[in-house]
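The values are calculated or read from the model by the stated rules, or taken from the named source; none is laboratory data. Treat the numbers as computed from the prediction; the structure is a model and nothing was measured. Cβ coordinates were reconstructed from backbone atoms using ideal geometry, including for glycine residues, and neighbour counts include every protein chain displayed. Areas reflect the complete protein model, heavy atoms only, side chains present, ligands, DNA and RNA absent. Shrake-Rupley method; radii C 1.70, N 1.55, O 1.52, S 1.80 Å.
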There are 2 protein chains.
Amino acid sequence: MIKIKEVAQLARVAPSSVSRVLNDHPDVSPEMKERVLRAAEQLGYQPNFLAQSLRTGATRTVGFVVRDISIPMFGGIVKGAEQELESYGYSVLLTNSLQNSALEAKHISVLCQRRVDGLILSLQSEASAETFKALDNVQVPVVLLDRELIGLPADAVLFDHASGVQEAVADLVDLGHRRIGLLVGSSRTRASRDRIRGFMAACEGAGTSANWDSIVELPTATLEVVGQATASLLGQAVTAIVAGDAQIGTALLGAMKERKVQPGRDVSLVICDDLELFRLVDPAVSVVYRDAEQMGAVAARILMKRLSGGVAGPIREILRTNYVARGSTMPPPETSVLPQGRALRAVTGSSGKRS
Amino acid sequence: MIKIKEVAQLARVAPSSVSRVLNDHPDVSPEMKERVLRAAEQLGYQPNFLAQSLRTGATRTVGFVVRDISIPMFGGIVKGAEQELESYGYSVLLTNSLQNSALEAKHISVLCQRRVDGLILSLQSEASAETFKALDNVQVPVVLLDRELIGLPADAVLFDHASGVQEAVADLVDLGHRRIGLLVGSSRTRASRDRIRGFMAACEGAGTSANWDSIVELPTATLEVVGQATASLLGQAVTAIVAGDAQIGTALLGAMKERKVQPGRDVSLVICDDLELFRLVDPAVSVVYRDAEQMGAVAARILMKRLSGGVAGPIREILRTNYVARGSTMPPPETSVLPQGRALRAVTGSSGKRS
């Protein structure tokens with residue numbers, strides 16, 4: 001390790017002068033500054049950042065807790081935040097919770113011990129006791145991504161997941177679908193609750209009473225779990241399925257392929273989130289799109305605003321989601337191609353056209 | 001901020017006793033320890049970690065520089081490393097370089113200023129002056145992922161990309177292909193050099209002199225760039241294409257779909273890296289598989305070994321890659337379905353069977 005003394009020796013000044021230069025003290029001549037900085041660079045001197053932070057308090061670093069970086073959407077969210085924060089001279093330290101609340105709580109503590117200036121949090125659930133406990137000790141501003149924590153008045157950026165699902169289901173109803181299934185993740189997160197709300201609103205708007213039987217809440221998005229749920233929906237003779245996120249949608253594509261059920265022709269399909277995959281399969285999949293990079297950038301801007309002070313009350317920014325129709329949404333087939341173990345139940349209020 | 005003094009007051013002990021407990025001093029009675037820890041927890045006291053690190057030197061944190069977390073493979077690599085390091089009681093701080101060498105160099109410095117105990121580095125290129133300069137100042141052990149830096153005797157985990165590509169091309173030759181194209185990323189990284197080497201070795205092994213014209217080095221993997229390269233290869237009447245990574249492969253699938261060229265039936269296709277996408281398109285894509293989680297876990301174990309001391313010389317671990325045949329590799333069609341702007345050139349040493 002290079003020491004201040006060595007920099008002072010090379011620059012032929014007193015160690016205290018080196019300190020003054022490195023701490024940007026106003027009482028330093030331009031010549032002195034030039035000499036010291038040149039010597040520091042020549043020796044590869046690295047100021048003791050920990051000691052510096054202890055004095056100034058600020059680290060110009062933001063901690064970003066990501067619940068699972070293997071979820072493709074986080075690539076976009078992190079990129080949006082990183083680019084925005086970089087423009088303010090801030091660096092980002094990420095942690096990866098592997099969808100594990102205990103690890104998430106630990107990472108929040110680790111980042112705070114490192115004295116980050118603020119936190120951006122993508123939390124696993126809205127109801128983890130461990131995470132709540134870790135957040136209790138957080139002294140820096142926090143921005144939540146797509147989560148609302150009861151009793152924690154933090155800033156938040158939220159997607160309006162309902163709007164896109166509502167558009168999608170309205171389109172399916174227009175095409176003639178009357179029995180539509182919804183596969184969603186845990187309703188302990190607001191994204192799933194939001195999607196259920198959009199689904200119900202569209203059904204009601206179409207004069208079709210929503211079918212609670214055909215809303216399936218999944219504990220995980222493995223091929224096996226999604227496969228079983230798909231089989232159950234097909235058994236109910238749904239003619240269209242809405243998948244609540246990219247993981248569920250990917251597994252659903254696998255389950256349909258396994259059962260030789262063709263999206264669009266046999267069963268219409270909409271997936272929430274737009275992956276490259278969904279444009280490359282045949283037919284391309286209709287999706288509910290959300291702008292991940294925008295979410296990251298907005299979160300970063302809120303944090304910078306909060307750090308610059310003078311903002312009262314929590315900020316909540318809500319970003320729309322939008323339905324994009326592609327080849328996987330078509331009118332329902334005349335008769336179901338699937339073995340119908342169960343009889344088609346009467347559907348109330350079925351007033352729309354049917355191809 | 002809660003102070004040691006407040007913990008001492010609540011526990012009704014001297015502040016120096018609190019310090020002794022929190023620093024795990026041997027001269028502390030179990031009752032004293034119990035009392036202090038209970039008071040600390042009750043107040044939500046957070047020891048000043050920066051000050052502590054200054055004293056002990058160790059932070060039990062590993063810095064992990066990821067060149068682009070939106071590349072799906074890194075989800076697996078980070079997971080493998082994270083799980084392994086967690087079992088040693090280490091936390092991981094990640095940074096995301098957005099494929100930008102300047103940002104990468106800055107992140108290396110930021111992590112070192114934060115006094116991580118070691119670094120795992122997934123670098124953008126093997127020839128970035130900025131990155132070399134940043135690494136010059138690194139005082140902790142470093143493990144490189146799939147990169148070799150000239151003049152830097154660091155530990156490294158490397159994939160043997162050549163083995164899998166060689167197997168793939170040998171299979172294509174067996175199926176009867178004689179004109180095979182290879183799309184790879186920048187040959188400034190060893191992965192691409194390795195893949196070119198495996199490609200050449202397989203061609204030579206088959207008695208087919210390798211065709212340098214049909215090896216295309218791509219500056220980026222955008223749909224446009226990959227589309228142009230694909231058009232050029234199809235113009236050369238290749239009957240099979242090997243894509244050097246998942247990004248190139250995904251863009252290639254898009255380019256083929258756009259041109260209505262069907263993988264397998266019209267042109268055989270092998271992609272290096274196995275994404276869910278490649279199993280879900282029809283036909284499923286043959287791939288060269290590498291175990292991302294294993295790479296992360298091996299890197300973590302090397303770092304732990306290095307930190308425990310007593311290991312001489314750099315450690316190099318090489319992980320195999322393997323070819324997995326699926327529906328996208330078939331015998332070449334009798335005649336090319338594509339407009340042939342150029343005449344088929346004579347192929348020397350074409351001794352294999354042709355369907």
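Annotations for the structure displayed:
- Annotation: of all residues in the range B:285-309 being open to solvent by less than 60 Å² (accessible area, probe 1.4 Å) and touching a Ser or Thr at 6+ places or on another chain (Cβ under 7 Å), the one that is nearest to B:L94 (Cα to Cα) is B:R290.
- Residues within the range B:273-327 that are more than 14 Å from chain A (Cβ to nearest Cβ), farther than 30 Å from A:L252 by Cα and small (G, A, S), tallied: 6
- Cβ separations smaller than 8 Å between residues 6+ apart or across chains give the following pairs from the range B:91-112 residues that are facing chain A (nearest Cβ under 8 Å) and on the phi > 0 side of the Ramachandran plot to residues that are in a helix (DSSP H, G or I) and open to solvent by 10 Å² or more (accessible area, probe 1.4 Å): B:L98/A:K79; B:L98/A:Q83.
- Taking the conditions (1) without any contact (Cβ under 8 Å) to a residue 40 or more places away in the chain; (2) of a type outside the set (D, E); (3) open to solvent by less than 40 Å² (accessible area, probe 1.4 Å) in turn, A:T220 satisfies each one other than (3).
- Residues of the range B:256-274 classified as surrounded by fewer than 24 Cβ atoms within 10 Å (Cβ to Cβ) and either farther than 24 Å from B:R197 by Cβ or of a type in the set (V, I, T) (or both), total: 10
- You will find that of A:L182, A:L172, the residue that is touching a residue at least 40 places away in the same chain (Cβ under 8 Å), touching a strand residue (DSSP E or B) at 6+ places or on another chain (Cβ under 7 Å) and over 30 Å from A:I150 (Cα atoms) is A:L172 and no other.
- Each residue in the range B:310-329 was checked for being open to solvent by less than 80 Å² (accessible area, probe 1.4 Å) and modelled with pLDDT of 90 or more, and 13 pass.
- Scanning the range B:62-90 for residues that are at the interface with another protein chain (Cβ under 8 Å from one of its Cβ atoms) and among the acidic types (D, E) yields B:D68, B:E82, B:E86.
- Count of the range B:119-140 residues which are more than 7 Å from every other protein chain (Cβ to nearest Cβ) and either at positive phi or among the acidic types (D, E) (or both): 2
- B:V238 fulfils the conditions (1) touching a strand residue (DSSP E or B) at 6+ places or on another chain (Cβ under 8 Å); (2) at pLDDT 95 or above; (3) under 20 Å from B:V267 (Cα atoms) except for a single criterion, (2).
- Number of the exception - A:A191 against (1) modelled with pLDDT under 95; (2) over 30 Å from A:F64 (Cα atoms); (3) not polar (S, T, N, Q): (2)
Listed here are the residues, each with its yes/no results for (1) within 24 Å of A:V138 (Cβ to Cβ); (2) open to solvent by less than 60 Å² (accessible area, probe 1.4 Å); (3) at pLDDT below 85; (4) in a helix (DSSP H, G or I).
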residue	(1), (2), (3), (4)
B:I2	yes, yes, yes, no
B:R20	no, no, yes, yes
B:P26	no, no, yes, no
B:A39	yes, yes, no, yes
B:Q52	yes, yes, yes, yes
B:V62	yes, yes, no, no
B:D68	no, yes, no, no
B:F74	no, yes, no, yes
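- Verdict on A:R265 being more than 24 Å from A:I318 (Cβ to Cβ) and in contact (Cβ under 8 Å) with a residue 24 or more places away in the chain: yes
- Scanning the range A:145-193 for residues that are under 21 Å from the mean Cα position of the chain (by Cα) and among the β-branched types (V, I, T) turns up A:I150, A:V157, A:V165, A:V184, A:T189.
- Number of the exception - A:A58 against (1) more than 31 Å from the chain's Cα centre (by Cα); (2) at pLDDT below 80; (3) part of a loop (DSSP other than H, G, I, E, B): (1)
- Count of the range A:223-247 residues which are under 19 Å from A:F278 (Cβ atoms) and open to solvent by 20 Å² or more (accessible area, probe 1.4 Å): 3
- The range B:103-211 holds helices (runs of 4 or more DSSP H) entirely within its bounds, and those carrying 2 or more residues that are buried (at least 24 other Cβ atoms within 10 Å of the Cβ) map to B:161-175, B:190-205.
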